[in-house]
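Before any comments, here is the structure.
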Amino acid sequence: MKKLVYTFLFAGLFLFNACLDDLNQLPHIEDTAENIYAEAANYKAVLAKLYTSFVTNGQEKGGGNEDLSSNNGQDYMRCFFNLQECGTDELASTWLEGDKVYDLTFLSWDANDPWVADMYYRIFYNIALCNEFLRHASDEQIAGFTASEQEDIRYYRAEARFLRALAYYHALDLFRNIPFVTEEDPVGTYIPPRYEAKQVFDFIESELKEIENEMTSPAQTEYGRASKGAAYSLLAKLYLNAEVYTGTAHYTECIEYCKKVIALGYTLEPDYQKLFNADNDKRTNEIIYSFPVDGDHTVSWGATTYIICGAVSNTSDDQVAADYGVTDAWGMFRIRGDIPKLFDENDGRALFFTEGQTLEVEVVDNQSNGYFVEKWTNLDDNGNQASNTADKGVNTDYPVFRLADIYLMLGEAVMRGGSGSSVTEALGYVNELRARAFGKDTDGAVRQADMTVDFFLDERARELYWECTRRTDLIRYNKFTTANYLWEWKGGTRAGRAVDSKYNIYPIPATDLTANPNLYNENY
């Protein structure tokens, strides 16, 4: 099903000690860098490791021969999903204590939280992988290969820089002021400096602008690899949130890069739910970039396996696991009652299992409280189970960027005062989404008078719930920690309450503060 080459080599990667030694988080070295990079053909194999490190947590099936020894031992995407969704109105977790998500859920974590630490080390592990690849992909390093081989490696080099920029974007969004290291820095005992958020922002921006002409067009890009569209999309997202990160708005630049994405020719997938099924690798008309997940080549118990198996009850007699292509139902989480209330009756994106479930979440870890989410499945286009989820996980890829998000980013940026588009143009894009959601026989169109800044926060929830955008969106709207919006169990109370603004940012783990004297948390 997937076209990306999954066979990879793990070259000798020497991670900076200041960030990783305290948890003994060293890679398992199967060969030396000199041997690996002696052959041009091996560069693509190592590149595949850079890609798969977002959805796997080891060298073997299900995380065996693990890359990092860490608190929970889970993959990048399981950590990211928890940090972006658990504390918001989009998720109610069943195993608060057993899965160690109590503090994430109630916005009460500290610098010793296991999920926060795992996410942090996963991010910097991925950055270290990219840095090591780039050290061996300079023009000088590849000068001995053929002209054709050098050309290929230059494309790989641009992709590695994109993947590093994506990891640094996640670090910026989650942690703000972070250690910073590139391929230009020495390995071994080097202690990275602390970069302020503005410095990280500037680096990501400059990297993506430098590589945009080195990336391939969508039509030329092998599935599962990043194209120009991915670079443009990440820049648009960076600019949309620039005021949060740096204090300076960049809404005009957000519009510019949204329009660059649109100009590449993407179109909306007519069937919303097919964007989230096991054949969603066929949806490259709308999905700009995804993390491929495959039951044969990238088996983990995180990524989309976590989302899909986790959203099916393991106690209810009403919900049937096979209806979602799931062999094992985990009953991990539901959605809090505030989100279903945002949907109109005929909105086809309201994909919730309600039978035997209450809308309101009276008890967070009670599986019968809150609707289960049916948006994601492990079914193919013909309705067949795509893989044995008990043995192999799911076959559903994770969409990182898709056109619908680009439309909504453009519209919000227009309403926030950005130039380069118009309310009329933004309204047209929004109504394309609404037409898909409501169908031809039902009028879900909005009017220009409906196009407020706050409209876009709600529409993003309707279109993008459980796509790891909600925490970032709520922070941009100054609603994540404040009393401006209270939802069920925000801050640990049934009615919701405001919390300390420090929870807009996750803390650098205590272990790394000990290891790197350049680092500190301002509010923890």
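The values are calculated or read from the model by the stated rules, or taken from the named source; none is laboratory data. Just so we're clear, the structure is a prediction, and the values are computed from it rather than from any experiment. Glycine also receives a Cβ, built like all others from the backbone with ideal geometry; neighbour counts cover every protein chain displayed. The area values use the complete protein model at the heavy-atom level, side chains included, leaving out ligands, DNA and RNA. Shrake-Rupley method; radii C 1.70, N 1.55, O 1.52, S 1.80 Å.
Taking the stated definitions as given, is Lys44 more than 19 Å from the chain's Cα centre (by Cα) and at pLDDT 95 or above? Against the criterion (more than 19 Å from the chain's Cα centre (by Cα) and at pLDDT 95 or above), Lys44 qualifies.
When you check Arg497 against the structure, is it among the basic types (Lys, Arg), modelled with pLDDT of 95 or more, farther than 30 Å from Thr304 by Cα and in contact with a Leu (Cβ under 8 Å, 6 or more places away or on another chain), yes or no? In short, yes.
Take the conditions open to solvent by less than 20 Å² (accessible area, probe 1.4 Å), farther than 21 Å from Leu83 by Cα and either in contact (Cβ under 8 Å) with a residue 24 or more places away in the chain or under 23 Å from the mean Cα position of the chain (by Cα) (or both) and apply them to Glu463. Does it pass?
Here the answer is no, as Glu463 does not meet what is asked.
On the basis of being at pLDDT 95 or above, open to solvent by 40 Å² or more (accessible area, probe 1.4 Å) and either within 12 Å of Ile307 (Cα to Cα) or touching a strand residue (DSSP E or B) at 6+ places or on another chain (Cβ under 9 Å) (or both), does Val363 make the cut? Yes. When every residue of the stretch 383-402 is checked against the conditions, none turns out to be open to solvent by less than 40 Å² (accessible area, probe 1.4 Å), in a helix (DSSP H, G or I) and out of contact with any Asp or Glu (no Cβ under 8 Å at 6 or more places or on another chain). Scanning the stretch 105-134 for residues that are within 18 Å of the chain's Cα centre (by Cα) and assigned to a loop (DSSP other than H, G, I, E, B) yields no hits at all. Can you report the number of residues in the stretch 282-330 which are more than 22 Å from Gly73 (Cβ to Cβ), of a type in the set (Phe, Trp, Tyr), open to solvent by 10 Å² or more (accessible area, probe 1.4 Å) and in contact with a Gly (Cβ under 9 Å, 6 or more places away or on another chain)? Count: 0.
In the set Thr305, Thr327, Thr298, only one residue is within 15 Å of Ser387 (Cβ to Cβ), part of a helix (DSSP H, G or I) and in contact (Cβ under 8 Å) with a residue 40 or more places away in the chain; that residue is Thr305. Check the stretch 97-110 and report whether any residue there is open to solvent by 10 Å² or more (accessible area, probe 1.4 Å), at pLDDT below 95 and closer than 25 Å to Asn395 by Cβ. Yes; the residues of the stretch 97-110 include at least one that is open to solvent by 10 Å² or more (accessible area, probe 1.4 Å), at pLDDT below 95 and closer than 25 Å to Asn395 by Cβ.
Any idea how many residues of the stretch 246-263 are crowded, with 17+ Cβ neighbours inside 10 Å and farther than 13 Å from Leu410 by Cβ? Total meeting the criteria: 3.
Taken over the stretch 274-295, the criterion of being outside any helix (DSSP H, G or I), polar (S, T, N, Q) and in contact with a strand residue (DSSP E or B) (Cβ under 8 Å, 6 or more places away or on another chain) is satisfied by Asn277, Ser290.
Residue selection: Gly370 fails the criterion of being under 30 Å from Gln319 (Cβ atoms), of a type in the set (Gly, Ala, Ser) and either touching a Leu at 6+ places or on another chain (Cβ under 6 Å) or modelled with pLDDT under 95 (or both).
Kindly indicate whether Glu184 is assigned to a helix (DSSP H, G or I) and surrounded by fewer than 19 Cβ atoms within 10 Å (Cβ to Cβ). Spelling it out, it is not the case that Glu184 is assigned to a helix (DSSP H, G or I) and surrounded by fewer than 19 Cβ atoms within 10 Å (Cβ to Cβ). Scanning the stretch 404-441 for residues that are open to solvent by 50 Å² or more (accessible area, probe 1.4 Å), closer than 23 Å to Leu238 by Cβ and hydrophobic (A, V, I, L, M, F, W, C) gives a single hit, Met415. Condition check: under 18 Å from the mean Cα position of the chain (by Cα) and of a type in the set (Val, Ile, Thr). Does Ile142 satisfy that? Judged against the criteria, Ile142 is not a match. When Gly444 is tested against the conditions (1) over 23 Å from Asp323 (Cα atoms); (2) open to solvent by less than 40 Å² (accessible area, probe 1.4 Å); (3) within 25 Å of the chain's Cα centre (by Cα), the lone failure is (3). Applying the condition of being surrounded by fewer than 14 Cβ atoms within 10 Å (Cβ to Cβ) and charged (D, E, K, R) to the stretch 130-153 and asking which residue is nearest to Tyr51 (Cα to Cα) yields Glu151. Of everything in the stretch 187-211 that is open to solvent by 20 Å² or more (accessible area, probe 1.4 Å) and within 24 Å of Ala48 (Cβ to Cβ), the residue that is farthest from the chain's Cα centre (by Cα) is Val187.
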